[in-house]
Amino acid sequence: MLVVGHLYPELLNLYGDRGNLIAFVRRCAWRGIPVTVRELVLGAPVDFGALDFLFIGGGSDREQGILIEDLHRHRDSLCEAIEGGLVVLAICGGYQVLGHYYQTPDRVIPGLGLLDFYTQAGPKRLIGNCAVEIELDGRPVSVAGFENHSGQTFLGRVQPLGRVLAGFGNNGVDGTEGARYKNVFCSYLHGPLLPKNPCLTDHLISLALKRAGMEMPLVALDDHLEERAVAAALKRAGVTVSGKT
Amino acid sequence: MDAKLLFAISCGKAAARGSRMLGRPGSSLPGKVALKVYPWTLRDLAARAQQGTILVTGTNGKTTTNNMLARILQQAGARVICNREGANLITGVTTAFLRETTLFGQMEFDWAVLEVDEASFPGVAAQVDPRLVVVTNFFRDQLDRYGELDRTVAVIRDAVERLPETRLVLNADDPLVAQFGELGPSAVYYGLAPHARVVERRFRVREARFCPRCGGALHYAFYHYSQLGLFRCPNCGFRRPAPEVEGLQARYQGERVACTIRFGEKEFPLELPTQGFYNLYNALAAFAAGMTLGLEPGQVVPSLETYEPATGRLQRFRYRDKPVYLNLVKNPAGFNEALNLLYTNEGAKDVFIAVNDNAADGRDISWLWDVDFEVLEELQRDVAGFVCSGLRAEEMGVRLKYAGVQPAKILVEPDLKAAVHRTLKGNGAQAFFFATYTALWPVEKLLRTRVTPEGRGRDVGCRPSLP
Ligand SMILES: [Zn+2]
């Protein structure tokens with residue numbers, strides 16, 4: 001049984017991000033892999049060590065302010081789980097809280113400091129279709145989504161998730177998008193990211209199975225709809241692709 | 001007559017002629033030009049209303065409520081200026097006045113009845129000094145354009161607070177709207193009483209799980225849809241206000257929705273020539289506004305019962321013997337309500353969904369993942385096929401697949417014309433067309449060439465534009 005956690009589903013639910021969980025769960029179900037989803041709500045006790053996959057979505061600044069206090073109480077548990085191989089997908093606001101801090105125009109929101117990066121509010125919101133090339137098992141894959149963030153993130157000693165093909169990415173300057181550390185995948189891409197980028201979804205499922213001690217080759221699924229959708233999204237982002245990604 | 005205003009009017013009208021010559025409808029350009037020339041154009045023109053100006057705002061139901069109210073007033077013998085759907089920014093509102101004025105600035109009218117976009121509301125309200133403001137509901141809508149819902153509500157709240165003389169007509173069932181009752185202007189509430197169909201399915205999109213006054217968790221005795229329902233806050237005591245105008249025994253009668261309107265002690269039966277419980281809300285809002293303006297229920301109810309839906313507001317057509325419906329979808333709450341129609345109608349149907357991601361649709365289509373398409377996992381038994389179209393047809397197909405719709409029932413056809421054709425030729429006994437904003441008009445046009453529209457015309461609430 002894969003155990004999936006959805007962190008603060010009531011607060012972090014912007015821009016259809018729950019679609020990432022829908023995709024993860026469906027692609028497991030289509031292969032007969034049993035999954036259980038736990039909603040991790042504010043103020044309740046959480047055992048991150050018992051999870052195989054954790055999803056953290058984006059929220060508004062107000063919601064981020066509410067949850068950061070609660071999250072700080074779980075910092076050590078989350079840190080230990082991540083070092084132990086917990087698979088994490090963190091999007092936008094959920095990504096920002098894993099770094100050192102988020103400097104807004106009027107205050108500094110302290111982050112968990114689990115990954116080496118910081119975020120500061122930029123002069124304008126970075127909004128639009130975005131395409132990124134990421135590497136999965138040594139193979140380049142083009143993924144697409146929609147970004148909408150005023151925070152600009154700068155990476156320290158941590159790998160980016162990928163290279164921006166179109167759009168802004170982390171900060172609109174250095175061509176990086178997201179962050180990657182052990183089994184933690186961070187990204188600014190809404191859209192949501194996983195449904196139309198099934199290679200990435202399957203990669204996360206494989207890693208979660210490995211962590212659960214259920215390592216197995218994944219049965220191939222018919223992904224032609226998803227492939228058409230990512231091609232359309234890449235095209236809207238201004239990237240032309242030849243052949244399959 | 002002020003020379004600056006006259007000059008602004010002539011510039012606006014010249015712009016209207018220019019844009020018509022270019023083959024564009026020009027629903028906002030004349031207003032834009034006139035406001036540029038003279039920033040108080042809107043204020044000065046609105047001040048000519050013999051009776052006053054009424055503004056309708058909120059996320060969903062603006063157009064229908066506005067057109068219903070305009071129709072009620074017209075049938076009561078008033079001369080009404082009304083903006084047409086889509087032109088609900090300050091420029092479009094100004095254009096509505098320019099269209100009705102002569103080059104010499106002459107126009108005579110009793111009421112201006114205007115639907116106003118939430119973000120434009122403060123700017124418009126500051127110029128027109130409304131006598132009445134109707135607020136329908138607040139849902140998430142095109143977030144990339146407006147920012148967060150919190151901010152939208154706050155902006156309108158601030159604007160309403162600056163209108164102490166204005167009367168408010170508020171939806172009692174929406175905590176985000178009902179909270180405005182405390183702001184000072186005197187408020188009249190409308191709402192729906194619990195009925196047989198109250199939330200058989202619990203939708204996930206609820207904006208106000210938290211009390212807008214104190215931030216505590218709200219308790220609900222029932223939901224109508226989204227966050228609309230009988231709510232109370234155990235923490236601070238904020239609760240659904242008792243509505244002066246209440247819809248009792250809401251129900252379907254064939255292809256129509258019906259209820260009994262309770263107004264004070266009296267009751268009046270109402271049957272709308274359209275579907276969707278949200279249209280009862282729109283009718284109750286228009287009724288409550290009519291009562292506030294001193295009209296008689298006996299005048300208002302017949303106007304509502306002969307209302308004809310505007311473009312894409314559950315507009316009805318017929319293809320051979322098949323009923324065909326066209327409905328605009330623009331946010332999760334509205335789309336959930338549209339899906340509701342699929343299971344209030346018996347029998348097999350074909351479903352068409354066109355999703356565009358142009359600026360007017362909202363470039364971010366992530367919101368599709370906040371719609372509870374998961375209800376289709378069960379409902380698909382009654383659906384012959386889904387045709388996904390528009391610029392993001394493929395993404396829509398993926399959304400349905402991940403909601404649990406069998407891939408064999410999903411056809412992705414980005415070309416609107418081919419997709420409309422395929423849907424009409426489907427095996428269903430009815431066809432439902434759902435389209436985002438910029439896909440709506442092309443789809444309507446395609447439908448018009450192939451099917452017979454029902455009713456005499458559209459936009460009946462508004463007078464057709466003068467040349
Ligand atoms: Zn409260």
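Values quoted throughout were computed directly from the atomic coordinates according to the rules given, and no laboratory measurement underlies them. Just so you know, these numbers come straight off a predicted model, no measurement behind them. Cβ coordinates were reconstructed from backbone atoms using ideal geometry, including for glycine residues, and neighbour counts include every protein chain displayed.
Computed from the Cβ-Cβ distance with R0 of 45 Å, the FRET efficiency linking B:ARG151 to B:GLU377 stands at 0.80.
For the pair A:ASP106 and B:GLU346, label points projected 7 Å from Cα toward Cβ lie 5.8 nm apart.
Sorting the segments A:2-12, A:16-26, B:402-412 by their residues' average number of neighbouring beta-carbon atoms within 10 angstrom, most packed first, yields A:16-26, A:2-12, B:402-412.
Fewest-first ordering of A:LYS235, A:LYS124 by other beta carbons within 10 Å of each residue's beta carbon gives A:LYS124, A:LYS235.
By the beta-carbon count within 10 Å of each Cβ, the least crowded to most crowded order of B:TRP367, A:TRP30, fewest first, is A:TRP30, B:TRP367. Highest mean first, the peptides A:88-100, B:101-113 sorted by other C-beta atoms within 10 Å per residue fall in the order A:88-100, B:101-113.
Residue pairs exceeding 32 angstrom between C-alpha atoms, taken from A:LYS124/B:LYS36; B:LYS32/B:LYS349; A:LYS235/B:LYS330: B:LYS32/B:LYS349. Indicate the gyration tensor shape class of the stretch A:1-87 (rounded, prolate or oblate), computed on the Cα atoms with a ≥ b ≥ c the square roots of the eigenvalues: a/c under 1.5 is rounded; otherwise a/b larger than b/c is prolate and the rest oblate. It comes out oblate by the Cα gyration axes.
Taking 7 Å steps out from each Cα toward its Cβ at B:ASP129 and B:ALA408 produces label points 6.8 nm apart. Using C-alpha pairs under 8 Å with a sequence gap of at least 6, the mean separation divided by the residue count of the stretch A:2-236 gives a relative contact order of 20 percent. Note on A:139-146: average number of Cβ atoms from other chains within 10 Å of each residue's Cβ is 1.
In chain B, helices alone account for a calculated mean residue ellipticity at 222 nm of -10500 deg cm²/dmol, with every DSSP H run of four or more residues adding -39,500 (n - 2.57). For B:ALA49, no residue 5 or more places off, or on another chain, has a built amide H under 5 Å of its own.
Inter-chain Cβ neighbour count for A:191-200, averaged per residue, equals 3 (cutoff 10 Å, partner chain atoms only). From other protein chains only, count the Cβ atoms within 10 Å of every residue's Cβ in B:363-376, then give the mean. Rounded to a whole number, the mean comes out at 5. Cβ-to-Cβ counts within 10 Å put B:MET68, A:MET214, B:MET21 in ascending order as B:MET21, A:MET214, B:MET68, the fewest first.
Taking all Cα pairs closer than 8 Å and separated by 6 or more residues, the relative contact order of the stretch B:1-92 comes to 30 percent. In this label model, B:GLU296 and B:LYS445 are separated by 4.6 nm, measuring between points 7 Å along each Cα→Cβ vector. Loop-located GluC sites (Glu not before Pro) in the stretch B:242-298 (DSSP state other than H, G, I, E, B) with a sparse environment of at most 12 neighbouring Cβ atoms within 10 Å: B:GLU265. Peptides B:282-291, B:330-339 ranked from most to least packed give B:282-291, B:330-339, packing being the mean of other C-beta atoms within 10 angstrom over each peptide's residues. Across the stretch A:39-45, computed HN-Hα scalar couplings (Karplus, 6.51 cos²θ - 1.76 cosθ + 1.60, θ = phi - 60°) run 8, 9, 9, 3, x, 8, x Hz from first to last residue, x flagging Gly and Pro.
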